[in-house]
Amino acid sequence: MHKTKKIKVGTTIIGGGEKISIQSMLSVPSSDFDGNIKQAIELEKSGCDILRVAIPNKDTVKIIPEIKKNIKIPIVADIHFDEKLAIESVFAGADKIRINPGNISSEGIKNITKVCRNFNIPIRIGINSGSIKFENPNSKILAENALENIKILENLDFKDIVVSVKSSCVRTCIEAYRILNKKTEYPLHIGITESGTEKTGIIKSSIGIGALLLDGIGDTIRVSLSADPEKEIETGISILKSLGLRDGATIISCPTCGRATIDVVSLAEKLEKELKNLNKNIKIAVMGCPVNGPGEAKGADLAITGANGIGFIFKKGIIIRKTQQEKLVEEILNEVKAY
Ligand code: SF4
């Protein structure tokens, strides 16, 4: 894995092989301070590591200290067009600034870097295919644009940088990050931008982010969905857990077929919901019948296998008891607690 530079964002480190952080963005209208604070608290609870907030005007800068009073995770101010908003956000307590250098003047960039340097605040250069001057830019153009902007900041003696090169096209996005990864040591914020509605976006983001993480590329992730931002966090956690990059419960469940004698679907869903915030690495298999049940149970820490309408509970592949379907969730949760 290509080790990137460590960048400090509030109390969190991005890069250098540190834990891959999950980001999301507040989606409540910027003018609704109470709504933003409420959503920020919910996102922190659901596992968000770094939270971004849009700062479209002077009035919304005031929201930064208000949010910070209520959460512990770092906050990133998302700025377009107006460098004064970036500077004021730093004064207001933002832990990182995200800019798209293409829409801020060179004098503006100079002023932002000066203040960020004084306050030790990093900048994310956020390049999006929709915001650079070429129509449908390819991966090479995206990566080159990011490298040019890195150079601009470095020439201003600013090196506290995180970079992203997002596209809504999964292939373009993956290729752009692969090019960039070979040419920079700055940590990469990865994600598929504007990936779509919940169902499509989860698929596109999982493919894109997953492929990059498997290549060892990516220091922080954002799943971008036209949906509740809590879904972005849930998906981010699932992607990291699927690749063994985050601790938690993994539920293995069979697709069920005519042989199933217990309700695998509802059992697996209930367990997944109950264990979603567990920080313990544990694998639980839920299998409908003895065809593959004992086999999967061997590879799991705990397992349920249905047989003749009854559930058998396994621990490390050995049956420890049998129980009625209605009691299975409760019993397995007790086993998880004790594990
Ligand atoms: S474990 Fe049994 S119920 Fe589940 S898919 Fe396989 S054969 Fe069907």
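Numbers at a glance
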quantity: Residue count, the range 44-80 (criterion: touching a Gly at 6+ places or on another chain (Cβ under 9 Å), part of a loop (DSSP other than H, G, I, E, B) and more than 24 Å from residue 277 (Cβ to Cβ)); calculated: 0
quantity: Single residue of the range 282-336 satisfying the filter (more than 17 Å from residue 250 (Cα to Cα) and β-branched (Val, Ile, Thr)) that is nearest to the ligand (Cβ to nearest atom); calculated: 291
quantity: Lone unmet requirement of (1) over 25 Å from residue 245 (Cβ atoms); (2) at pLDDT 95 or above; (3) in a strand (DSSP E or B) for residue 323; calculated: (2)
quantity: Breaking point among (1) of a type outside the set (D, E, K, R); (2) over 30 Å from residue 131 (Cα atoms); (3) over 15 Å from the mean Cα position of the chain (by Cα), for residue 242; calculated: (3)
quantity: Enumeration of residues in the range 93-115 that are surrounded by 20 or more Cβ atoms within 10 Å (Cβ to Cβ) and under 25 Å from the mean Cα position of the chain (by Cα); calculated: 94, 95, 96, 97, 98, 99, 100, 101
quantity: Single condition residue 136 does not satisfy, out of (1) surrounded by fewer than 14 Cβ atoms within 10 Å (Cβ to Cβ); (2) farther than 20 Å from residue 178 by Cα; (3) free of Cβ contacts under 8 Å to residues at least 60 places away in the same chain; calculated: (2)
quantity: Condition met for residue 261 (within 16 Å of the ligand (Cβ to nearest atom), touching a residue at least 24 places away in the same chain (Cβ under 8 Å) and at positive phi); calculated: no
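Matching residues to (1) outside the structural domain of residue 224 (by TED's automatic domain parsing); (2) under 25 Å from residue 7 (Cβ atoms); (3) in a helix (DSSP H, G or I):
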{"site": "135", "(1), (2), (3)": "no, no, no"}
{"site": "144", "(1), (2), (3)": "no, yes, yes"}
{"site": "148", "(1), (2), (3)": "no, yes, yes"}
{"site": "162", "(1), (2), (3)": "no, yes, no"}
{"site": "175", "(1), (2), (3)": "no, yes, yes"}
{"site": "178", "(1), (2), (3)": "no, yes, yes"}
{"site": "189", "(1), (2), (3)": "no, yes, no"}
{"site": "200", "(1), (2), (3)": "no, no, yes"}
{"site": "203", "(1), (2), (3)": "no, no, yes"}
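So that you can scan it fast, the table gives a plain yes or no per residue for (1) in contact with an Asp or Glu (Cβ under 8 Å, 6 or more places away or on another chain); (2) at pLDDT below 95:
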position: 89; (1), (2): no, no
position: 97; (1), (2): no, no
position: 105; (1), (2): yes, yes
position: 123; (1), (2): yes, no
position: 129; (1), (2): no, yes
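The values are calculated or read from the model by the stated rules, or taken from the named source; none is laboratory data. Everything quoted here is computed from the prediction, not taken from an experiment. We place every Cβ from the backbone using ideal geometry, glycine too, and count neighbours over all the protein chains shown.
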